[in-house]
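J.: Sharing a structure, written as structure tokens. Questions coming.
Throughout, read-outs are computed from the coordinates displayed, never taken from laboratory work. Since the model is a prediction, treat every value here as computed from it, not as a measurement. Neighbour counts are summed over all protein chains in view; Cβ atoms, including those assigned to glycine, are modelled from backbone coordinates with ideal geometry.
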Amino acid sequence: MNFDEFFPLLKSIFTKKCCNINPIADNFNTYLAVRYISFYHPSLCELLNESVNKFKINSMFNEAEDGYNFLKALIPKLPYKHIKYIKKESIKNLRDKNIPDETVTKLANYLEVSQREIRQILETNYE
């Protein structure tokens, strides 16, 4: 998928500006667009759930252009803003919370799970 063309197409869904890119299967995916819209403006989740997800609109559109035109007609025009994705916490920050590496390694081996999962469990239980 060509994300250099995907994001301008998404921006054109939210704003009145046209990006002069034709949506095709290689540069637009309705499912990804709906995911991004829910990050972009959380209050639109209810609208998307009631229209796109409830009636399985994603599977109805065989062509990317149909899905793009539907979303462009459905989504109200909004001011552009940068969204912040949820990122994993770095390992350095996890080690600063006084959880010894030896304990994590032993527990991970015993329970046969990753060390990251052990650190998450220990953090939530001992904060």
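J.: Hey, which of these cross-link pairs are over 20 Å Cα-Cα: 17/56; 17/81; 16/81; 16/54? It would help to have the intermediate numbers written out before the result.
T.: On the way: 17/56 28 Å; 17/81 14 Å; 16/81 14 Å; 16/54 27 Å.
As for pairs spanning more than 20 Å Cα to Cα, those are 17/56; 16/54.
J.: In whole Å, how far is the Cα centre of segment 1-31 from that of segment 33-54?
T.: Answer, in whole Å: 17.
J.: Expressed in nm to one decimal, what extension gain is obtained for the pair residue 60 and residue 31 from 0.36 nm per residue of sequence separation less their Cα-Cα distance? List each step's numbers first, then the result.
T.: Numbers: separation 29, 0.36 × 29 = 10.44 nm, distance 1.17 nm.
Length gained between residue 60 and residue 31: 9.3 nm.
J.: Follow-up. What's the extension gain from residue 16 to residue 4 if we count 0.36 nm per residue and subtract their Cα-Cα distance? Write down the numbers at each step before the final one.
T.: Values: separation 12, 0.36 × 12 = 4.32 nm, distance 1.93 nm.
Contour length minus the Cα-Cα distance gives 2.4 nm.
J.: Taking neighbour Cβ counts within 10 Å as the exposure measure, how do 119, 35 sort from fewest upward? The partial results should precede the final answer.
T.: Values: 119 21, 35 12.
Ordered from fewest to most neighbouring Cβ atoms within 10 Å, 119, 35 come out as 35, 119.
J.: According to a simple spin-label model (label point 7 Å from Cα along Cα-to-Cβ), what is the distance in nm between residue 123 and residue 111?
T.: With each label point 7 Å from Cα toward Cβ, the separation is 1.4 nm.
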